[in-house]
Structure formats: C-alpha cells, structure tokens
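Heads up, the thing below is written out as structure tokens.
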Amino acid sequence: MSSVDGSGQPRADEVTSVAAERGPLAVEAVSLSRDFRLGRGHVLHAVREVSFGLYRGAVVALVGESGSGKSTAARLLAGQERPTAGSIRLDGVPAEVSSRRAFRQYKSEVQLVFQDPFSSLNPVHTVRYHLERPVQLHQGKRGDEAAREVTALLEQVRLTPAKQFLHKFPHELSGGQRQRVSFARALAARPSVLLADEPVSMLDVSIRLEMLGLLDDLRRRFQLALLYITHDIASARYFADEVLVMYSGEIVERGPAEELTQRPAHPYTQLLVASAPDPDNLGSALRGGTAPAGRQPAATGPATQGCPFSTRCPLADDRCRAEDPPLRRVSAVRAAACWRLDVAAPGILAQSQGGGT
C-alpha cells in the first residue's frame, strides 16, 4: 500500500497519535461514514470517512461548531447509530451490535454521557433506580450487593453522603448533581471507553471546571479511554491529549492539544482559536501573523463541492472549490486537510518538508 496520497504528501494514517502514549488502544473508528436521506433525493453526509483511536487513560477531544457531525460520530461509536460505511473495532475486534445481546455487551465497554443531564434521566425514577438498573444489567448484582455498589458509585462522583441522594428525583437535583448522576450511571457498566458529548455546556460557568476536574479524576482512576466532544477549543487545550477538529462531517486537522491550539494549521482551526477567549494566550501564533489575511467571507453553509470550508475561507482558490483536500500529514504527530497550507501555515509546512516533527 502506498505511503503517500494523490498530492504526493504522506497519508494521515502515518501520523502518530500522542494519546497512544497513555495506554493501549481501546476503540477505533475506521473510515466511519453516516448519511441521512432527507427525501426527494437529498442526502446529508453527517460523518464522512472519519478515522481515529481512543486509548486507555487518554483524552481525545473532538472539536467543532454545532452541526459539524461531532455528536453523530459519538452516537456511531456508542452503537446508537448504524454506520453507512466503515467499521468500529473494540480491542482490535470488529464490533457487531446487530443483536440485543451483542449491543448490551458492547455497552458494557462503551458508555455515552449526554449533553443535557435533565433530558437523559427519567423524571419518574429516583437516583437509586437510575444506578441500580445498570448495576443489575451489567454487573449482575442484586439486593444488598447492588445497594453497596450504588453507594460506591455516588461516592465516586462526589455525591456525598450517598443516602441523601438515593431517593431524590432528577428535578430535585441541581444541574451539576444531575450530570454527576449521569457519570455514575455510565460508570455502573464498568466501561473501558467513555464518550462525553458536551458534558459541561448545559452547566453554570462556575462549576464547569469542577466537572471537568471530576471527569479527569475518573479517567485517571479507572484508566478510561475518554472522548471529549466540545465546541470550546480552549477547554480542549487544557483537558485533552489530542485534538481532532471537525467540520462538515470531516476531520480537517488533528494533533497534540497544546501544539495544535498554539500553532493551528487549517484556516478553520485558526478561526476557532481566534474566536476563543483565553487568558493564557491561546493561539499566540495567530497574533504573530500566521492567521489568514484578508476579509473573512460572510458566514454561509459548507460547500457541496470541493473543500467544505471553501465558502468561508479567505484563502480559497479554484482548486479548493473543485477538489476536497485529503487529510495529510504535516508532521510526525499532526495532519491537516487544506490545499493552501503553504499560505495558511507556512512555518508548519516548511518544518514538515524539512523532516522536522
């Protein structure tokens, strides 16, 4: 198999994920695609040939605006959507979730935490019920043994004393407490992979950092492979090992969190970084002059032909509007999908061509 793409550049699959340094590969998306038919021959390509791995003990952030395909990618990995093409490998084995039994076994390893803790919890059931049910299903525990496990789960997510919360209903909890219950419910299955879809976006700003700290603690304690989905690239910088930037269903850039946010290569990533308030000089390279020059075109939807970002990109030329660029390696640990990297990120491209990492 060739190690270069059609442009003569190294392929993206030659890139080393820095998340792999944390632990073994837990789950892998391989060329995942998901299409939705909208009627009258229209098709929405929600996810297009997305590939990445999640590693035990590591955090991978999937970053992008609303509608970029982040949540659909998470539902595919969670087994709640069937891919149109591609596959998912769990511990190196293709995952099949076509039967109820296979789905339950898969969910014992891969759990999804939703964005809105209120809508994800059944309002007619108590906290105890929400936690006892998965303990019974996934661990096979009953009676006193299940009760002790429920208490332990509440303590793990710092809802103490546990007996104070057991008989409460979701509407009697604060937003942060409800999300903690959602974390505990996911942990009840004893998973190896946790998919967190915008887990703090519905919470008060004052407790977001606390909740991310809890997630990080759980990740370390249980060696979880964690996918953190967010539109906030600043939080991804501090929380994740690797960042994947998604636009219109495609990964347009990937790399180590600190390096990618300080020296973004793709014009879309540069736009996200420039739009993110950060007291710690997030994206200092942009202020150093590597941001795309010229007036930003009026915001519009993704292009249906060529590069999806071409309708918004100030660097787009005829090739951008005609051909969708592949995700290609720009260093040992980074890749980007852009025909104009020589203008958008000349320093990074020169380093790549010079053999640097």
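The values are calculated or read from the model by the stated rules, or taken from the named source; none is laboratory data. Quantities reported herein were computed from a predicted structural model and do not represent experimental measurements. Don't worry about glycine lacking a Cβ; one is built from the backbone with ideal geometry, like all the others, and counts go over all protein chains shown.
Are there any pairs with C-beta distances below 7 angstrom linking a residue in segment 97-126 that is farther than 18 Å from Thr72 by Cβ to a residue that is assigned to a helix (DSSP H, G or I) and of a type in the set (Lys, Arg), with the two at least 6 apart or on different chains, and if so which?
Pro117/Arg178; Phe118/Arg178; Leu121/Arg178
Quickly run through segment 102-131 and pick out the residues that are of a type in the set (D, E, K, R) and under 25 Å from Leu227 (Cα atoms).
Across segment 102-131, the qualifying residues are Arg104, Lys107, Glu109, Asp116.
Regarding Leu112, is this residue modelled with pLDDT of 90 or more and more than 24 Å from Arg178 (Cα to Cα)? Reasoning before the result, please.
Numbers: modelled with pLDDT of 90 or more: yes; more than 24 Å from Arg178 (Cα to Cα): no.
No, not satisfied.
Pick from segment 35-91 the residues that are of a type in the set (S, T, N, Q) and farther than 15 Å from Ala196 by Cα: which of them is farthest from the chain's Cα centre (by Cα)? Let's see the steps before the verdict.
Quick first cut of segment 35-91, residues of a type in the set (S, T, N, Q) only: 51, 66, 68, 71-72, 80, 84, 87.
If we keep only those that are farther than 15 Å from Ala196 by Cα as well, we get 51, 66, 68, 84, 87.
Working: Ser51: 12, Ser66: 13, Ser68: 11, Thr84: 19, Ser87: 17 Å.
Per the stated criteria, the residue is Thr84.
In segment 100-148, how many residues are of a type in the set (Val, Ile, Thr) and closer than 30 Å to Leu25 by Cα? I'd like the intermediate steps shown before the answer.
The initial filter retains those residues of segment 100-148 that are of a type in the set (Val, Ile, Thr), namely 110, 113, 124, 126-127, 135.
The next check asks that each one be closer than 30 Å to Leu25 by Cα; those that pass are 110, 113, 135.
Number satisfying all stated conditions: 3.
Restricting attention to segment 322-340, and to residues there that are of a type in the set (A, V, I, L, M, F, W, C) and more than 22 Å from the chain's Cα centre (by Cα), which single residue is farthest from Glu253 (Cα to Cα)?
We begin by selecting, within segment 322-340, every residue of a type in the set (A, V, I, L, M, F, W, C); these are 322, 327, 330, 332-333, 335-339.
From what's left, more than 22 Å from the chain's Cα centre (by Cα): 322, 339.
Details: Ala322: 20, Trp339: 13 Å.
Looking at the filtered set, the residue picked out is Ala322.
Tally up the residues in segment 226-268 that are aliphatic (A, V, I, L, M), in a helix (DSSP H, G or I) and within 25 Å of Ala303 (Cβ to Cβ), please.
Here is the first cut: in segment 226-268, the ones aliphatic (A, V, I, L, M) are 226-227, 229, 233-234, 236, 240, 243-246, 251-252, 257, 260, 265.
Remaining after also requiring in a helix (DSSP H, G or I): 233-234, 236, 257, 260.
Those still in the list that are within 25 Å of Ala303 (Cβ to Cβ) too: 233, 260.
Adding up the residues that qualify gives 2.
Taking Ser206, is it at pLDDT below 95, among the hydroxyl-bearing types (Ser, Thr, Tyr) and closer than 29 Å to Pro302 by Cα?
Numbers: at pLDDT below 95: yes; among the hydroxyl-bearing types (Ser, Thr, Tyr): yes; closer than 29 Å to Pro302 by Cα: no.
No: the conditions fail for Ser206.
Taking Thr151 as the residue in question, decide whether it is among the hydroxyl-bearing types (Ser, Thr, Tyr) and either part of a helix (DSSP H, G or I) or closer than 20 Å to Ser71 by Cα (or both). Steps first, answer last, please.
Values: among the hydroxyl-bearing types (Ser, Thr, Tyr): yes; either part of a helix (DSSP H, G or I) or closer than 20 Å to Ser71 by Cα (or both): yes.
When the stated conditions are applied, Thr151 passes them.
Exactly one of (1) loosely packed, with under 15 Cβ neighbours inside 10 Å; (2) touching a Ser or Thr at 6+ places or on another chain (Cβ under 9 Å) is unmet by Arg56. Its number?
Against the list (1) loosely packed, with under 15 Cβ neighbours inside 10 Å; (2) touching a Ser or Thr at 6+ places or on another chain (Cβ under 9 Å), Arg56 comes up short only on (1).
Where in segment 286-357 are there helices (runs of 4 or more DSSP H), lying fully within it, with 3 or more residues that are hydrophobic (A, V, I, L, M, F, W, C) and either farther than 23 Å from Gln262 by Cα or at pLDDT 90 or above (or both)? It would help to see each step written out before you state the result.
Details: elements: 318-322, 341-344, 346-353.
Here the list reads 341-344.
Pairs under 8 Å by beta carbon, first residue acidic (Asp, Glu) in segment 197-214, partner part of a helix (DSSP H, G or I), six or more apart or different chains?
Pairs found: Asp197/Lys70; Asp197/Ser71; Asp197/Ala74; Glu198/Ser71; Asp204/Gly175; Asp204/Gly176; Glu210/Gly176.
Could you grab the pairs with beta carbons closer than 6 Å, sequence gap of 6+ or different chains, first residue in segment 160-175 and closer than 17 Å to Glu149 by Cα and free of Cβ contacts under 8 Å to residues at least 40 places away in the same chain, second one hydroxyl-bearing (Ser, Thr, Tyr) and surrounded by 15 or more Cβ atoms within 10 Å (Cβ to Cβ)?
Ala162/Thr151
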